[in-house]
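Everything below concerns the one structure shown next.
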Amino acid sequence: MSPDFPGPATEQSQERLHRIVSHDEIVLVADDLGPLDAPVVVLLHGGGQTRHSWSSAARTLAQRGYRVINFDARGHGESDWSETGAYTLDDRVNDLKAIVARLDKPFALVGASLGGATAIHAVAHAIRPGAVVLVDIVPHPEVDGISRIVSFMRANSDGFATLDEAVDAVAAYNPERPRPRDPSGLMRNLRLREDGRLYWHWDPRIVAPRPQEHHEVVRQSAAKLPQSGLPVLLVRGLKSDVVSDAGIAAFRELVPDLEVADVGGAGHMVAGDRNDAFNGAVIAFLERHLPAG
């Protein structure tokens, strides 16, 4: 859920930018890349991230022949914040409905953490992808790992005086990740306010509800996954403190055909920690269940 170190910003001339209006007039900002007539991969980032956390994966998927829709979730990045604090999974599923309603090709959902929870809830509410990839999230996550994420997101409510202070905060959360040589990519997760300080590029009200209530909704929705008959891949970082063997075993009781790809050397931020291994696992799964042709 917490922010990753995005790479330095680069010009992506092949990307198409969309502004999609959801059910409650929230405007979602999405990058659209790859061939328009191909199967679609919809990327759902984690809480506290932006669509830029998927930049490398999105380019790789497009190069492999997929159309990729990569959007900022409500309350994150360039998408609107909700004036009423509407950040339930129901709200996020309605956003996803607004996005997939524009598609005329089969699509897959790839969701990390909060994005994965959204994907599970979406399948339980009549969204029918051709395949689902969940990135380091299960219906029964580890309480301590979730608490650490929530604590990070609730900290530093007064912002940062400098970019280096924000880099220090991310490094403290993920001390095993090398500090970036060029930290400028992190600015895509920050916004400069009138007081001259930098603040995370998400609405603090996202983490206002109790995490236990959120995960109870996910568990109820996950119970409906077997009825969908969809292929499901779980990509887990072997250093993750969110997904454990026990959590995977409990998930397999719900979804006996669950596929699992373990990524060594990766924590909760699997794509950021080992992007090459992450891309390989996801592409191999998609080429079996939703080939790009």
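The values are calculated or read from the model by the stated rules, or taken from the named source; none is laboratory data. Quantities reported herein were computed from a predicted structural model and do not represent experimental measurements. Quick reminder, even Gly has a Cβ in these numbers, built from the backbone with ideal geometry, and neighbours come from all protein chains shown.
Could you list, in sequence order, all residues of segment 10-23 that are in a loop (DSSP other than H, G, I, E, B) and modelled with pLDDT of 95 or more? Before the answer, list the steps.
Here is the first cut: in segment 10-23, the residues in a loop (DSSP other than H, G, I, E, B) are 10-15, 22-23.
Of everything in segment 10-23, just one residue is in a loop (DSSP other than H, G, I, E, B) and modelled with pLDDT of 95 or more, namely 22.
Every listed requirement among (1) on the phi > 0 side of the Ramachandran plot; (2) out of contact with any helix residue (DSSP H, G or I) (no Cβ under 8 Å at 6 or more places or on another chain) is met by residue 205 save one, (1).
Of the residues making up segment 92-109, just one is of a type in the set (Gly, Ala, Ser), within 12 Å of residue 23 (Cβ to Cβ) and in contact with a Leu (Cβ under 8 Å, 6 or more places away or on another chain), namely 98.
Results for (1) under 20 Å from residue 218 (Cα atoms); (2) crowded, with 18+ Cβ neighbours inside 10 Å, shown as yes or no for each residue.
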| site | (1), (2) |
| --- | --- |
| 230 | yes, yes |
| 236 | yes, yes |
| 244 | yes, no |
| 249 | yes, no |
| 255 | yes, yes |
| 261 | no, yes |
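Does residue 265 satisfy being in contact with a Lys or Arg (Cβ under 6 Å, 6 or more places away or on another chain), more than 23 Å from residue 73 (Cα to Cα) and either in a helix (DSSP H, G or I) or not charged (D, E, K, R) (or both)? In short, yes.
On the given criteria, is residue 216 under 21 Å from the mean Cα position of the chain (by Cα), surrounded by fewer than 16 Cβ atoms within 10 Å (Cβ to Cβ) and outside any strand (DSSP E or B)? Judged against the criteria, residue 216 is a match. Just one of the listed residues (252, 188, 181) is under 24 Å from residue 71 (Cβ atoms) and of a type in the set (D, E, K, R), and it is 188. Do we find a residue being more than 21 Å from the chain's Cα centre (by Cα) and buried (at least 20 other Cβ atoms within 10 Å of the Cβ) anywhere in segment 182-196? No: zero hits. Here residue 182 fulfils each of the conditions (1) of a type in the set (D, E, K, R); (2) at pLDDT below 90; (3) in contact with a helix residue (DSSP H, G or I) (Cβ under 9 Å, 6 or more places away or on another chain) apart from (3). If the condition is being in contact with a strand residue (DSSP E or B) (Cβ under 6 Å, 6 or more places away or on another chain) and either surrounded by fewer than 18 Cβ atoms within 10 Å (Cβ to Cβ) or under 19 Å from residue 206 (Cα atoms) (or both), then segment 131-164 contributes 159, 160. One residue stands out in segment 145-179 among those that are among the basic types (Lys, Arg) and in a loop (DSSP other than H, G, I, E, B): the one that is nearest to residue 247 (Cα to Cα), namely 177.
Quick check on segment 42-100: of everything there that is assigned to a loop (DSSP other than H, G, I, E, B) and polar (S, T, N, Q), which residue is surrounded by the most Cβ atoms within 10 Å (Cβ to Cβ)?
49
From the residues in segment 112-130 that are without any contact (Cβ under 8 Å) to a residue 60 or more places away in the chain and assigned to a loop (DSSP other than H, G, I, E, B), which one is surrounded by the fewest Cβ atoms within 10 Å (Cβ to Cβ)? Taking the candidates together, the pick is 126. Beta carbons closer than 7 Å, at least 6 apart along the sequence or on distinct chains, never pair a first residue in segment 213-229 that is free of Cβ contacts under 8 Å to residues at least 40 places away in the same chain and of a type outside the set (Gly, Ala, Ser) with a second that is surrounded by fewer than 14 Cβ atoms within 10 Å (Cβ to Cβ) and part of a loop (DSSP other than H, G, I, E, B). Restricting segment 197-206 to residues that are part of a loop (DSSP other than H, G, I, E, B) and within 23 Å of the chain's Cα centre (by Cα) leaves a set whose member that is modelled with the highest pLDDT is 203.
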